[in-house]
1. Please enumerate the residues belonging to region 46-64 that are open to solvent by less than 40 Å² (accessible area, probe 1.4 Å) and either β-branched (Val, Ile, Thr) or assigned to a loop (DSSP other than H, G, I, E, B) (or both).
2. Out of the residues in region 1-37 meeting the condition of being over 21 Å from GLY115 (Cβ atoms) and of a type in the set (Phe, Trp, Tyr), tell me which one is modelled with the lowest pLDDT.
3. Please go through (1) assigned to a loop (DSSP other than H, G, I, E, B); (2) farther than 30 Å from SER28 by Cα for SER112 and return the number of the only condition it doesn't satisfy.
4. If the Cβ limit is 7 Å and pairs must be 6+ apart or interchain, which residue in region 75-101 that is without any contact (Cβ under 8 Å) to a residue 12 or more places away in the chain pairs with which residue that is open to solvent by less than 70 Å² (accessible area, probe 1.4 Å)?
5. Condition test on ALA110, is it hydrophobic (A, V, I, L, M, F, W, C), modelled with pLDDT of 90 or more and surrounded by fewer than 12 Cβ atoms within 10 Å (Cβ to Cβ)?
6. Looking at region 65-98, which of the residues that are of a type in the set (D, E, K, R) and over 20 Å from the mean Cα position of the chain (by Cα) is least open to solvent (accessible area, probe 1.4 Å)?
7. Among the candidates GLY83, GLY95, GLY56, GLY75, which residue alone is of a type in the set (Gly, Ala, Ser) and farther than 18 Å from VAL118 by Cα?
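The values are calculated or read from the model by the stated rules, or taken from the named source; none is laboratory data. As the structure is a prediction and not an experimental result, all values here were calculated from the model. As a convention, Cβ positions derive from the backbone with ideal geometry for all residues, glycine included, and neighbour counts pool all protein chains shown. For accessibility, only protein heavy atoms count, side chains too; no ligands or nucleic acids. Shrake-Rupley method; radii C 1.70, N 1.55, O 1.52, S 1.80 Å.
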Amino acid sequence: MECLYIKGLSSLYIHCSSEYTYELSDTSFGCSECGNEFTLEEIEAAGKFIVLDSLGNELETGDDLVIVQDLPVKGMPKPIKQGTKVKNIRINPEGKNEHFIDSKIPGFGAISLKGSVVKKA
């Protein structure tokens, strides 16, 4: 068994791989080393890569998003404005620095985004 916790709002990470886990009830478990408690659903979700938006909603490939804050982009004269719509995203588990969302923004081009700067449309 592995202990789980949510890091930030962008994805699910494995916290420890303790052999000292124990059953709290039929569907929940605990770890005596780190003190975390988790459910059977969280264990199953650990194998699946999850990206969350700024409101905590799970994002999937093909979703449409809205930018929630102005995003300055190095080398561009103007930032990407809050409220800009992004259509048909792709989730990329190999993104760098938590930029797991690959997208194309009209008038700007291809860009990778963090889940913390978008919300589901």
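1. Filtering region 46-64 down to residues open to solvent by less than 40 Å² (accessible area, probe 1.4 Å) leaves 46, 50-54, 56, 59, 62-63.
Once the filter is applied, which keeps residues that are open to solvent by less than 40 Å² (accessible area, probe 1.4 Å) and either β-branched (Val, Ile, Thr) or assigned to a loop (DSSP other than H, G, I, E, B) (or both), region 46-64 yields ALA46, ILE50, VAL51, ASP53, SER54, GLY56, GLY62, ASP63.
2. For region 1-37, the residue satisfying everything is TYR20.
3. It fails just one condition, (1).
4. Every condition considered, the pairs that remain are PRO79/LEU71; PRO79/VAL73.
5. Working: hydrophobic (A, V, I, L, M, F, W, C): yes; modelled with pLDDT of 90 or more: yes; surrounded by fewer than 12 Cβ atoms within 10 Å (Cβ to Cβ): yes.
Considered against the rule, which asks whether it is hydrophobic (A, V, I, L, M, F, W, C), modelled with pLDDT of 90 or more and surrounded by fewer than 12 Cβ atoms within 10 Å (Cβ to Cβ), ALA110 comes out as yes.
6. First, pick out the residues of region 65-98 that are of a type in the set (D, E, K, R): 70, 74, 78, 81, 85, 87, 90, 94, 96, 98.
Those still in the list that are over 20 Å from the mean Cα position of the chain (by Cα) too: 74, 78, 81.
On the way: LYS74: 198, LYS78: 155, LYS81: 112 Å².
Result: LYS81.
7. Numbers: GLY83 fails: farther than 18 Å from VAL118 by Cα; GLY95 fails: farther than 18 Å from VAL118 by Cα; GLY56 fails: farther than 18 Å from VAL118 by Cα.
Result of the check over GLY83, GLY95, GLY56, GLY75: GLY75.
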